[in-house]
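A short worksheet on the structure shown next.
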Amino acid sequence: MIQDEAPDEYYRTIEEEFARRRGASMLLSPRDWGLIGEWKAAGIPLRVVLQGIHNVFDAFERRALKGRRINSLSYCRQEIASLHDVYRTLHAVEAGRPEAAGTERAGNAAVTRHLGRLYRSVRAAMATASEAGREPLVGCLARVAAALKRLRRDIKSGAFEPQGLEDQLRRLDDEVLAAARASLPPETLARIEAGPGIALRPALGRMTPEARDRTRRFHQERLIREACVLPRLTLFD
């Protein structure tokens, strides 16, 4: 089961994120609610479900005809199952409990697919940065794309070491964010740094200083990503 969550938090968060990515509110069907219950009963972490939803919508938006929408959570079922394989494989190996060979292969295949998606997103961000004249960011993204390609090749060749993979991705993500921040015009960066205080003022007053700083940082990072059309380099958002 998922720990440290209110009884309905798991359901509510998935419903809200699905509606946000869909771009239009809708009531989940009884089948969708039952599917969320299956994920919760299976112990699939919330962040794994959310990452699966992001992956499916990102892929759908790249190839779907204008005006079409995903109308059911069941569309995300296979991707979430694959990501859960990744999650179990990585955590089992880190804990010294290797998964069965079939499950490990499935997990590695899911990691390979996910890194492929990240690679394509980074290449698309490179094109956007080049058009905007952000050459330092282009160079950083080129290095990151090469690193993702190497990681993907290592997995395919069987040389994959799952320990620390997420840490490697987070380091790459930090490099990209730093390069993006440095590449933005001063007026854009000033607007981003001023924005969170205005947008989040009602909530910030109820937070601890640490929570306020963390919320401001996350908000600024989101605005930087949006300004530069950057993916988040992570296995599980």
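The values are calculated or read from the model by the stated rules, or taken from the named source; none is laboratory data. None of the values given here were measured: they were computed from a predicted structure. Heads up, the Cβs are rebuilt from the backbone with ideal geometry, glycines too, and the neighbour counts pull from every protein chain shown.
For this structure, a couple of remarks:
- Checklist (1) modelled with pLDDT under 75; (2) closer than 22 Å to L50 by Cβ applied to P202, failing item: (2)
- Note on region 28-68: among residues that are modelled with pLDDT of 80 or more and not in a helix (DSSP H, G or I), the one that is surrounded by the most Cβ atoms within 10 Å (Cβ to Cβ) is I44.
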